[in-house]
Amino acid sequence: GFDVDDDRFVIAGCENVPGFDAVAKGEKVDVEKVTPGMLKMVASILDNRPSLRAILLECTELPPYSDALRAQFGLPAAGASP
């Protein structure tokens with residue numbers, strides 16, 4: 001199984017990324033507007049955990065950011081497709 005307390009993994013929510021609240025509201029997410037905040041959030045995570053080697057996007061709303069994440073951080077970024 002998967003242990004959420006395993007320190008090899010970092011689990012982060014996107015609820016504080018500007019514009020991503022559209023998901024909770026059931027609205028269409030403006031990917032162009034949200035991308036800078038998504039990059040900033042992941043940069044902060046990687047600053048604190050530079051040993052991370054991949055990004056898993058577990059929400060079907062997240063794959064549109066995978067190209068930007070790969071380009072910015074040079075890490076594999078993959079997730080679920082809608």
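The values are calculated or read from the model by the stated rules, or taken from the named source; none is laboratory data. Note that the structure is predicted; figures quoted are calculated from it, not measured. No Cβ is skipped: glycine too gets one built from the backbone with ideal geometry, and neighbour counts run over all protein chains shown. The protein model used for the area step is the full one, side chains on, heavy atoms only, and it has no ligands, DNA or RNA in it. Shrake-Rupley method; radii C 1.70, N 1.55, O 1.52, S 1.80 Å.
In order along segment 37-48, the Karplus-derived 3J(HN,Hα) couplings, from 6.51 cos²θ - 1.76 cosθ + 1.60 at θ = phi - 60°, round to x, 5, 5, 5, 4, 5, 4, 5, 4, 5, 4, 7 Hz, and Gly and Pro are given as x. Solvent-accessible area assigned to carbon and sulfur over the chain amounts to 52 percent, based on a 1.4 Å probe.
Determine the per residue accessible area of the chain with all protein chains present and a 1.4 angstrom probe, expressed in square angstrom.
Roughly 70 Å² per residue, with all protein chains present.
Comparing G26, P63, F2 along the charge dipole axis of the chain, the residue lying farthest to the positive side is P63, per the Cβ-charge model. Among the listed options [x] 1.08; [y] 1.32; [z] 2.23, the one matching Cα Rg over 2.2 N^0.38 Å as calculated from these coordinates is [x]. Counting only protein heavy atoms and using a 1.4 Å probe, the accessible area of D67 comes to about 110 Å². Annotation: amide H of L57 within the under-5 Å range of A78, G79, A80, sequence separation 5 or more or interchain, hydrogens built in the peptide plane. For segment 1-69, the list of chymotrypsin sites (Phe, Trp or Tyr not before Pro) that fall in a loop by DSSP and count at most 13 other C-beta atoms within 10 angstrom reads F2, F9. For the chain, modelled as a GNM whose springs connect Cα atoms under 10 angstrom apart, the maximal fluctuation among A54, A71, A24 occurs at A24.
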